[in-house]
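Notes follow once the structure below has been shown.
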Amino acid sequence: MIKLQSITMSYGRTGHALDDVSLHVRKGEIAFLTGASGAGKTTVLRLIHMQAKPTKGEVRVSRFSSARIRRRELPELRRRVGFVFQDFRLLESLTAAENVAFALECTGTPRAKIGPRVQKLLAQVGLAARARSFPRELSGGEQQRVAIARALATEPLVLLADEPTGNLDERASRGVFQLFRRINASGTTVLMATHDAELIRHHPDVRVIELEHGRVVFDSAAENDA
Amino acid sequence: MRSVREALAGFGRAPLLGGLSVAAIGVSLLIVGLFAVAGHNVDRALSGVESRVEVVAYLRDDVDEELVGLATAEIEAYPEVAGVTYVSKVEALYRASQEMTEFSDVFSDLEVNPLPASLVVQLASDSRTPDAAERVADRVEGYDFVEEVRYGREWVDKLYRLRRIVGGGALLLGGSFAIGAVLLIGIAVRMAVLARRREISIMKTVGATEAYIRRPFLVEGLVTGLFGGLLATALTYGAYRIVDRTLLPLEWVPEWWMAVGLLFAALLGMLAAARAVRRELRNIDVY
């Protein structure tokens, strides 16, 4: 599903953000991408979401390749790869339901189908009762759930999350991660960047890929294979 | 629908800039409009004069009338020619005495008729141009019995030059103001894009197409252009009425000219927006 082959990524003079990184996340898998700040976690997610092209190597996501993808194919890829941010990125002037509907509207969902689909998505993240609340009226955990519902709106094959629990307390974090597991159980590949060691320790069955200074220094899948 | 709503919201966000953009397009097209009214009226004057453009060939006194008859038939067959009239010496003198009554004494005292006979060549309506007149004049001058050929060359040339100046002036002045308008609309659209940076970033994250993201900005440009065009039409009409009432009577331009002007204004606004938005959207992505 996701394949990084010998990826090097440099940003001008600041040196390598990633240095010869190769990894493979299979369809339906769930994995933590961990490491200290600046280790290259966000860069990996950005490359998978094709917000940037690698300096060297090739990123493949489903049938898309970083080497061949054209600008006008990007929207199609983005609909297949959902993205969740640490800071939620909800539109403050819109309610929870409208924030989710926004993603459906701007990807061309017929108007008549939007309402029922939004209800279903909010129910899926456990927020059916908060549909009419504005982001400022929701807790951090609830806001992140709205953001997750929005990311799921286009029925992505892959869900990428960049420190999704970084702004949440422990209880909310656990709830959000449980939600990711449920989403994964329904077949979506999930890759979650986090430096929350506690969370990782609580889920020993989830694959862990650790980055350090732009290199993969640990991959539990490789350990298990060995 | 969303595009229209958001375009209007764009105006609400920066009313001063939106107003300036409308005014800039309005002024640039006002200039084009004034030149259009001037051009239209020069055209009308020109077609009035054109119908009087004729080539006159003065004949030698010793000319054989039979030969002139043959030549007349030949000249009438030219594609540029509508008709040829033979004016004899006697007729010329009669006309001169009729047209210049103050000299009637002089004419009646003459012992010898000094006026030559002539062929007056009327040009076909689609050939009343300096080039055609000159072509006909050159051919007619080729006959041995023709002493001299005259046509209102200077007049025709002057009018045509005036029309070219009017056209060129409109293009130059209107064009430079239009460039100003394009830049102003560009700034307005760029500000609108920046104000919606967050939304656009989310749209790109979830996979909205570029066309979808661009559309409201293009509509904003189109509406700006259209308002500018309407303003220009109103201002031009006002100026026309003032001149028509106080200085000299004019005719208002044909309606389809206004329609073309409005269409042009709307397109100008949209193209200016397209140019700005394409640049600006490249700078916005997910992070």
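Restricted to segment A:114-142, and to residues there that are buried (at least 22 other Cβ atoms within 10 Å of the Cβ) and within 14 Å of another protein chain (Cβ to nearest Cβ), the residue that is nearest to residue A:83 (Cα to Cα) is A:121. Of the residues B:214, B:198, which is in contact (Cβ under 8 Å) with a residue 40 or more places away in the chain and among the charged types (D, E, K, R)? The conditions single out B:214.
In the set A:53, A:27, A:41, only one residue is without any contact (Cβ under 8 Å) to a residue 40 or more places away in the chain, of a type outside the set (A, V, I, L, M) and more than 30 Å from residue A:132 (Cβ to Cβ); that residue is A:53. Every test in (1) over 30 Å from residue A:44 (Cα atoms); (2) part of a helix (DSSP H, G or I) is passed by residue B:252 save one, and that test is (2). Take the residues in segment A:46-76 that are within 14 Å of another protein chain (Cβ to nearest Cβ) and in a loop (DSSP other than H, G, I, E, B), then tell me which one is surrounded by the most Cβ atoms within 10 Å (Cβ to Cβ). Among them, the one singled out is A:49. The listed residues are A:172, A:193, and the only one of them that is surrounded by 23 or more Cβ atoms within 10 Å (Cβ to Cβ) and touching a residue at least 24 places away in the same chain (Cβ under 8 Å) turns out to be A:193.
Among the candidates B:108, B:97, the residue that is surrounded by 12 or more Cβ atoms within 10 Å (Cβ to Cβ), farther than 30 Å from residue B:227 by Cα and not acidic (Asp, Glu) is uniquely B:97. Against the definition (at the interface with chain B (Cβ under 10 Å from one of its Cβ atoms), part of a helix (DSSP H, G or I) and among the small types (Gly, Ala, Ser)), how does residue A:103 come out, yes or no? So residue A:103 passes the test. Looking only at segment B:231-241, decide whether some residue is of a type in the set (Ser, Thr, Tyr) and either closer than 27 Å to residue B:199 by Cα or not assigned by TED's automatic domain parsing to the domain that holds residue B:43 (or both). Scanning segment B:231-241 turns up no residue that is of a type in the set (Ser, Thr, Tyr) and either closer than 27 Å to residue B:199 by Cα or not assigned by TED's automatic domain parsing to the domain that holds residue B:43 (or both). In this structure, does residue B:220 turn out to be surrounded by fewer than 16 Cβ atoms within 10 Å (Cβ to Cβ), of a type in the set (D, E, K, R) and either away from chain A (no Cβ under 14 Å) or out of contact with any strand residue (DSSP E or B) (no Cβ under 8 Å at 6 or more places or on another chain) (or both)? No. In segment A:205-214, is there at least one residue being surrounded by fewer than 16 Cβ atoms within 10 Å (Cβ to Cβ), more than 13 Å from the chain's Cα centre (by Cα) and assigned to a strand (DSSP E or B)? Yes, segment A:205-214 contains a residue that is surrounded by fewer than 16 Cβ atoms within 10 Å (Cβ to Cβ), more than 13 Å from the chain's Cα centre (by Cα) and assigned to a strand (DSSP E or B). In this structure, does residue A:160 turn out to be touching a His at 6+ places or on another chain (Cβ under 7 Å) and closer than 13 Å to residue A:86 by Cβ? Yes, satisfied. Counting only strands (runs of 3 or more DSSP E) that sit wholly inside segment B:44-136, those with at least 3 residues that are in contact (Cβ under 8 Å) with a residue 40 or more places away in the chain are B:54-59, B:118-123.
The values are calculated or read from the model by the stated rules, or taken from the named source; none is laboratory data. Because the structure is a prediction, the values reported are computed rather than measured. Here the Cβ is made from the backbone with ideal geometry for all residues, glycine too, and neighbour counts use every protein chain on show.
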